1. Local charge sum around Ala136 (other residues, Cβ-Cβ under 12 Å, Lys/Arg +1, Asp/Glu -1)?
2. With no solvent and one equal point scatterer per Cα, compute the Debye intensity ratio I(q)/I(0) for segment 149-285 at 0.11, 0.17, 0.18 Å⁻¹ and report its log10, rounded to two decimals.
3. Where in the chain lies the longest segment free of GluC sites (Glu not before Pro) that are both loop residues by DSSP (not H, G, I, E, B) and have at most 15 other Cβ atoms within 10 Å?
4. Return one whole number: the accessible area per residue of the chain in Å², for a 1.4 Å probe.
5. On the protein heavy atoms, probe 1.4 angstrom, tell me the percent of accessible surface of segment 1-79 carried by carbon and sulfur.
6. Compute a Gaussian network model of the chain, connecting alpha carbons closer than 10 Å, and tell me which residue from Gly104, Gly46, Gly318 fluctuates the most.
7. Points 7 angstrom from Cα along the Cβ direction at Tyr386 and Ser367: gap in nanometres?
8. By how many nm would the segment from Lys277 to Phe7 grow when fully extended, if each residue of separation counts as 0.36 nm and the alpha-carbon distance is taken off?
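The values are calculated or read from the model by the stated rules, or taken from the named source; none is laboratory data. Everything numeric here is computed off the predicted structure, so don't read it as measured data. Ideal geometry is used to build each Cβ from the backbone, glycine not excepted, and the neighbour counts take in all protein chains shown. Side chains are part of the model used for accessible areas, which takes the heavy atoms of the whole protein and leaves out ligands, DNA and RNA. Shrake-Rupley method; radii C 1.70, N 1.55, O 1.52, S 1.80 Å.
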Amino acid sequence: MSPLDKFFKLTEHGSNVRTEVVAGITTFLTMAYIIFVNPAILGDAGVPKDAVFVATCLAAALGTIIMGLYANYPIGMAPGMGLNAYFAYAVVLGMGVPWQSALGAVFISGCLFILVSVFKVREVIVNGIPHSLRVAITVGLGLFLALIAMKSAGLVVASPETLVRVGDMHKPQTIMAVFGFLLIVTLDRLRVPGALLIGIVVVTIMSFFFGGNTFHGFMSLPPSLAPTLFQFDLKGAASMGLFNVVLVFFLVELFDATGTLMGVASRGGLLVDGKMKRLNKALLADSCAIVAGSMLGTSSTTAYLESAAGVQAGGRTGLTALVVALMFLAALFFAPIAGVVPAYATAPALLFVACLMLRDLVEVDWSDTTESVPAAITALVIPFTYSIAHGIAFGFITYAGLKLLTGQARQVKPVVWVIAALFLFKYTYIAG
C-alpha cells in the first residue's frame, strides 16, 4: 500500500490516485472562475484587485489543504459567491463601511465559527436537520447549480418582463455548451473515465476555433499581497453598528457551507446514516479558512458546490482536495492558462451534476405535507432567490410552523425551533 493510499484511505473509499487527480482537476476547472470574478466584485468596493487575486488563490489553497489533509473530504474551498457580493455591494457600498472594517467582520464571524465548531454546536445543528430538509437541500443545490450552469452557457438570460428567458441559441458559445453537455452524458453512460474533464477540455479547445478565445501565454509573476494582507480592522468591525453585519455573515456562512458540505457529501455517497462521519473536522476546516481568508484580504471562504463535479468524476478523499489546492497555488504563476477555460466550457459539467442531484427527490415522503411542503419550499427558494441560505431559512421556518399548527410540535428537535427563531429574528429585525 502506497503512502498516499494509506494516508487518504483510497482503497477503503474505492478510489485510486489517478481517479483522485482527475477529480481534483475537474473540480478546479469548475471553480477557477472565482480567481477572476472575486477580484472584480471586491474591486468594485475599493479593495485592490491585484492583491485580491493573490488573496483569492492563497485562501482557496489554504482552506482546501485543511479540508483535504485534516477532514479527508474531496471538497474544494474558495471565497464564496454571494458572500463576496454581500460584502461589496451591501456592506461596503450600501452601508458605507470601509472594506477594512468589513474584513474585520468576516474575521469575527470566522472566530465565532471556530468556537461553535470546537464545541460541536454546528455538528448538533446539522445533525438536527430533518431528513426531508436534508434531501431538499441537496435538490435545491442541484437546481441552483443548474441555474448557474445554464446562465454560464447562455441558455438562460435575464428578462425585465419575465425575470428569465431562453438565450440566443444561435451563439457559438451556447451551441458548444450544449454539445459539451451531450458529450459528457454520452461518455458517462459509456463509463469513460474522466467524462466531465474530457467534456471541459473539448469545449475549451473548440472555443479557440469558434468562440473567439485567445491564448495569452503560460506564466506571469503574481502581484503583491501587501495592500490587503492583515488590513482587517477589528476595532471598526466590533462597533455596535456592525453587529448586524457580523450576524448576517455568521448565518449565511453557516448555512451556505453546511448545505454545500451535506449536498456534496450526499452526491458522493459519503454520508453514513444521513450524517457526515467527519463533519466536525470539515466544519473546523471551513471555519479556519474564513479566518485565514480575512487575514489575506478576501471575503468569506467557504466549501464550494462545484466540488460535486469532482465527486461525480470519482473523487472520494482528501487527495482530490489536495490536487485542487495545488492547482490554486499554481494558478498564481499560470494565471493566463487558468483564464483560458471559459465559463461555457465548465457549464456542461455543472449542469450534468445538477441533473444527477435531482434524483434525491424520491426520498421525500410526499404523503406527509408537513414534510414534503417544507422540502419543496427549500428546494425552490434556493434557486429562485439565488441564495442557499434563504432557501434553508424558509425551509426551517415552514417546517417548524407546519408542525406547530398541525399539533406535531413534539416531533421537532429543539435545534429546529432555535434555527427557525433565529431566521425569523433576522428577517424581522436585520436588514440585508
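1. -3
2. Computed log10 I(q)/I(0) values: -0.86, -1.11, -1.10.
3. Here the longest segment lacking exposed loop sites spans 162-432.
4. About 42 Å² of surface per residue is accessible.
5. Whole-percent figure for carbon plus sulfur exposure: 65.
6. Gly46
7. Output for this residue pair reads 4.1 nm.
8. Here the answer is 95.5 nm.
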